[in-house]
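Below is one structure, written out as structure tokens; the observations come after it.
The values are calculated or read from the model by the stated rules, or taken from the named source; none is laboratory data. Keep in mind it's a predicted model, so treat the numbers as computed, not measured. We place every Cβ from the backbone using ideal geometry, glycine too, and count neighbours over all the protein chains shown.
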């Protein structure tokens, strides 16, 4: 008399939960590795791969390569620098620049 083993509902729920937990853990690990890789690549010079140094210029933090001297701006920083330059133009700007 052969009996077929059919999984009980509790067994199916257990393995489904185990599978979901494993997927969640693998997804978190992959996301952490991806974030670390993106952060490491973000601070490297696109020209020579050297780690860039951050410095502030007119209240904007820019990235500068110590080897090639390249300056890299994040999105929107060029517009901020350009807006700062337009504030110092014109008659009043020229008058203020005399006293610098």
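Looking for something in a helix (DSSP H, G or I) and closer than 30 Å to residue 81 by Cβ - is there at least one such residue anywhere in the range 42-59? Steps first, please.
Let us first name the residues in the range 42-59 that are in a helix (DSSP H, G or I), namely 42.
Right, trim to closer than 30 Å to residue 81 by Cβ and you get 42.
Within the range 42-59, one or more residues are in a helix (DSSP H, G or I) and closer than 30 Å to residue 81 by Cβ.
Any idea which residue in the range 59-95 is modelled with the highest pLDDT, counting only those that are farther than 27 Å from residue 40 by Cβ and surrounded by 12 or more Cβ atoms within 10 Å (Cβ to Cβ)? Looking at residues that are farther than 27 Å from residue 40 by Cβ and surrounded by 12 or more Cβ atoms within 10 Å (Cβ to Cβ), I get 84. Of the residues making up the range 34-45, those that are at pLDDT 85 or above and touching a strand residue (DSSP E or B) at 6+ places or on another chain (Cβ under 9 Å) are 44, 45.
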